[in-house]
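> Pasting in a structure now, in structure tokens, and then I'll have a few things to ask.
The values are calculated or read from the model by the stated rules, or taken from the named source; none is laboratory data. Note that the coordinates shown come from a computational prediction; the quantities given were computed from them, not determined experimentally. We place every Cβ from the backbone using ideal geometry, glycine too, and count neighbours over all the protein chains shown.
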Amino acid sequence: MMPYLNECGIVCPLGSTHSEIKARLFERAESGVLPTDAWSPGRVLPLGSVAMELPSMQAWPLAQRSRNNQLALAALAQIRPAVDQAIARFGAARVGVVLGTSTSGIAGTEQALSQYVADGSLPEEFHYGQQEMGSPAVMLALELGISGPAYVHSSACSSSAKAMASAARLLRMGLCDAVITGGVDTLCAFTIAGFSALESVSTELCKPLSANRKGINIGEGAALFLMTNEPASVALCGWGESSDGHHMSAPDPAGGGARLSIAQALHKAGVSASQIDYINLHGTATIQNDAMESRVIHDIFGATTALSSTKPFTGHTLGAAAAIEAAICWLAMQDDNPYGQFPPHLWDGVSDPTLPSLRVAEPGSSLGRPIQWALSNSFAFGGSNATLVFGRDV
């Protein structure tokens, strides 16, 4: 049995429809990361925010009302007809939800505490349950009326990659016939202050692999997939997970855990490194991540496999990053991209001489045929690593 990605819903700083996202990514190479001080008063930073009007949650219990859950509902709306059909076909007990997030509703808590500091009272619309990590999975299960497994992975930047791997295992074990899986994360002052304290936030558009890279841009968004065993154009063919155990916030410079997660994903997919057509890097534009990842990629894949980091387009969406980058791979592998145009690498073009030579996918570059195999890396705090391999028409 193969876990197929039958439908994809995505809202991110590039847009809220497949056509809008593809136009900005493939045609215009236009970033959705813009300067703002909305989450860092007095300090303007490039951040990737979602500008669309989000679904109302006024009818929901207070504990479920959060911007994070609104983003999840917006992504769900794009795939809702197919999800409803799957529920009717398989039954409510046979459909699950597995998501990744790292912030949940923390932004709402920040706003509530600001009011508390100002006048000693919490807003009537605030409920502590809004920031529970499991909230988006519970909310989607309630929204859909399903009773299969519903839970969240929260392992920082690998969260939604691990969620998608877990969803695939639920299908393989026969515990579900369909799973809504992916990730959602929301901009908040907490994460921006935290990364700033680590001196990891760039005041310019991030530049992965560049000699001038200065750190990450943070973003928000959601990407959800309907995953079943029913054949579709793209499948999640392999996944690998590992833990460095090296440092709370820095990767193992030797990349031991990264190598292991990549090797596991390739082995599970039954493909060799030479078969991979495109690699979506974790590519945060921090000094240490790019150094580690580029060396690991060069050692395993050499210098000829096309690759890019799409974080300059969306910002680093933390717990949702792997799902959003999986969605970008999914879009690039559809029939309407017959020449295999690559998601481009948006940077200043100034290579870091201390890093190995790699084949960066410049805007407009393509494979010349459909992308058959794509690999995506996610490397998180605490050394939590995950790699996904996607196959077309398998």
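> If you take the residues of region 110-132 that are in a loop (DSSP other than H, G, I, E, B) and among the charged types (D, E, K, R), which of them is nearest to Ser56 (Cα to Cα)?
By that ranking, first place goes to Glu125.
> Confirm whether Ala163 is touching a Phe, Trp or Tyr at 6+ places or on another chain (Cβ under 9 Å), more than 21 Å from Ala74 (Cβ to Cβ) and either among the small types (Gly, Ala, Ser) or crowded, with 22+ Cβ neighbours inside 10 Å (or both). Outline the logic, then answer.
Numbers: touching a Phe, Trp or Tyr at 6+ places or on another chain (Cβ under 9 Å): yes; more than 21 Å from Ala74 (Cβ to Cβ): no; either among the small types (Gly, Ala, Ser) or crowded, with 22+ Cβ neighbours inside 10 Å (or both): yes.
Answer is no for this residue.
> Taking the criterion of being out of contact with any helix residue (DSSP H, G or I) (no Cβ under 8 Å at 6 or more places or on another chain) and either crowded, with 17+ Cβ neighbours inside 10 Å or small (Gly, Ala, Ser) (or both), would at least one residue in region 95-108 satisfy it?
Narrowing region 95-108 to residues out of contact with any helix residue (DSSP H, G or I) (no Cβ under 8 Å at 6 or more places or on another chain): none.
The answer is no; no qualifying residue exists.
Let's see how each residue does on (1) in a strand (DSSP E or B); (2) out of contact with any Leu (no Cβ under 8 Å at 6 or more places or on another chain); (3) farther than 19 Å from Ile328 by Cα; (4) at pLDDT 95 or above:
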site	(1), (2), (3), (4)
Ile192	no, no, yes, yes
Glu204	no, yes, yes, yes
Pro208	no, no, no, yes
Lys214	no, yes, yes, yes
Leu226	yes, no, no, yes
Gly240	yes, no, yes, yes
Pro251	no, yes, yes, no
Ser261	no, yes, yes, yes
His267	no, yes, yes, yes
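> Find the residue count for region 4-23, including only residues that are over 18 Å from the mean Cα position of the chain (by Cα) and buried (at least 19 other Cβ atoms within 10 Å of the Cβ).
0
> Then there's this: Looking only at residues in region 25-63 that are assigned to a helix (DSSP H, G or I) and over 22 Å from the mean Cα position of the chain (by Cα), which one is surrounded by the most Cβ atoms within 10 Å (Cβ to Cβ)?
Start the filter on region 25-63 by keeping residues that are assigned to a helix (DSSP H, G or I), which leaves 25-27, 62-63.
Checking which are over 22 Å from the mean Cα position of the chain (by Cα) leaves us with 62-63.
Details: Leu62: 14, Ala63: 16.
My answer is Ala63.
> Taking region 278-314 only, how many residues are within 21 Å of Leu367 (Cβ to Cβ), in contact with a Gly (Cβ under 7 Å, 6 or more places away or on another chain) and of a type outside the set (A, V, I, L, M, F, W, C)?
Within region 278-314, residues that are within 21 Å of Leu367 (Cβ to Cβ), in contact with a Gly (Cβ under 7 Å, 6 or more places away or on another chain) and of a type outside the set (A, V, I, L, M, F, W, C) number 1.
> Also, quick follow-up: So which residues in region 250-278 are among the small types (Gly, Ala, Ser) and either under 22 Å from Ala380 (Cβ atoms) or touching a Ser or Thr at 6+ places or on another chain (Cβ under 9 Å) (or both)?
Let us first name the residues in region 250-278 that are among the small types (Gly, Ala, Ser), namely 250, 254-258, 261, 263, 265, 269-270, 272-274.
Passing the criteria: Ala250, Ala254, Gly255, Gly256, Gly257, Ala258, Ser261, Ala263, Ala265, Ala269, Ala273, Ser274.
> Further, regarding this structure: If I filter region 327-349 for residues that are in a strand (DSSP E or B) and either buried (at least 17 other Cβ atoms within 10 Å of the Cβ) or more than 21 Å from the chain's Cα centre (by Cα) (or both), do I get at least one hit? Lay out the reasoning, then the answer.
First, the residues of region 327-349 that are in a strand (DSSP E or B): 341.
Checking the rest, the ones that are also either buried (at least 17 other Cβ atoms within 10 Å of the Cβ) or more than 21 Å from the chain's Cα centre (by Cα) (or both) come to 341.
Looking for residues that are in a strand (DSSP E or B) and either buried (at least 17 other Cβ atoms within 10 Å of the Cβ) or more than 21 Å from the chain's Cα centre (by Cα) (or both), one finds at least one in region 327-349, hence yes.
> In region 271-323, what residues are over 14 Å from the mean Cα position of the chain (by Cα), in a helix (DSSP H, G or I) and polar (S, T, N, Q)? Step through it out loud before you land on a result.
Restricting attention to region 271-323, the residues satisfying the condition of being over 14 Å from the mean Cα position of the chain (by Cα) are 271-279, 285-308.
The next check asks that each one be in a helix (DSSP H, G or I); those that pass are 273-275, 287-301.
Hits for region 271-323 are Ser274, Gln275, Gln288, Asn289, Ser294.
> Given the conditions (1) modelled with pLDDT of 95 or more; (2) under 26 Å from Gly383 (Cβ atoms), report the number of the one that Ala156 does not fulfil.
(1) is the only condition that Ala156 fails.
> If I go through region 64-93 residue by residue, how many of them are farther than 23 Å from Asp185 by Cα and outside any helix (DSSP H, G or I)?
Number satisfying all stated conditions: 1.
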